[in-house]
1. Sort out for me the Cα centre separation of segment 165-184 from segment 26-56, rounded to whole Å.
2. Given +1 on the Cβ of Lys and Arg, -1 on the Cβ of Asp and Glu, and no further charges, what dipole in debye does segment 135-184 carry about its Cα centre, rounded to the nearest 20?
3. Positive end of the dipole of segment 135-184, charges at C-beta (+1 Lys, Arg; -1 Asp, Glu), about the Cα centre: which of T152, W172, V142 has its Cα farthest in that direction?
4. Within 10 Å of each candidate Cβ there may be at most 12 other Cβ atoms; applying that plus a DSSP loop requirement, which trypsin sites (Lys or Arg not before Pro) in segment 11-73 survive?
Amino acid sequence: MTSSPDDNLLESYRGYLWALAHAQLDRRLRGKLEATDIVQPTLLKAHAGLADLRDRNPNVLVAWLRQILTGVLTDEIRRLHRDNRDIDREQSLAADVNQSALEMELWLVADQTSPSMAAQRNEQLLHLANSLLALPVDQREVVILKHLRDQTLPQIADETDRTVPAVAGLLWRGLAELRQIMER
């Protein structure tokens, strides 16, 4: 079976969606749910609805994919906490996903307003997300917590059960490795 251009288009966003989903899964959820458990149904729903999407501008497509991701993530969290729902967490999830996406975009750079600059930023965003997937797990974790969830080193240390110096070392090595990966 050959893949269509639509399949390739959506597949190019897999790393981006994974990074956003992973940023939203706190330590309590990770034993029950992985980012890939969110990304796969997101891509399936996106594939089913892509024909109805009129504007395939990268900015519109990214916003649409984030909306689908938020819905899938909300459904999974509800399923896991069926007996003790956290309404506040569900309501803030869309804001958290959008904030993580904004943090990722700001990490790249700003004020690119022309269509060609926006397209270039979109390509860089996808490259950054895919490069994050190439990092060792521990380094990827602290880089995402720092730059997508905007946590401080003590907060990351608490969430990962590490010391602050250990987190700082992982972050430093992770960012250095990320730069190398992105330059290749």
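1. 27 Å
2. On the way: 7 positive and 8 negative charges, 43 e Å.
Using only the charged Cβ atoms, the result is roughly 200 debye.
3. W172
4. For trypsin sites (Lys or Arg not before Pro) across segment 11-73 that sit outside H, G, I, E and B with at most 12 neighbouring Cβ atoms in 10 Å, the list reads R54, R56.
None of the figures in this text is laboratory data; all of them are computed from the coordinates on show. These numbers come from a predicted model, not from an experiment. Glycine gets a Cβ as well: all are built from the backbone with ideal geometry, and neighbour counts include every protein chain shown.
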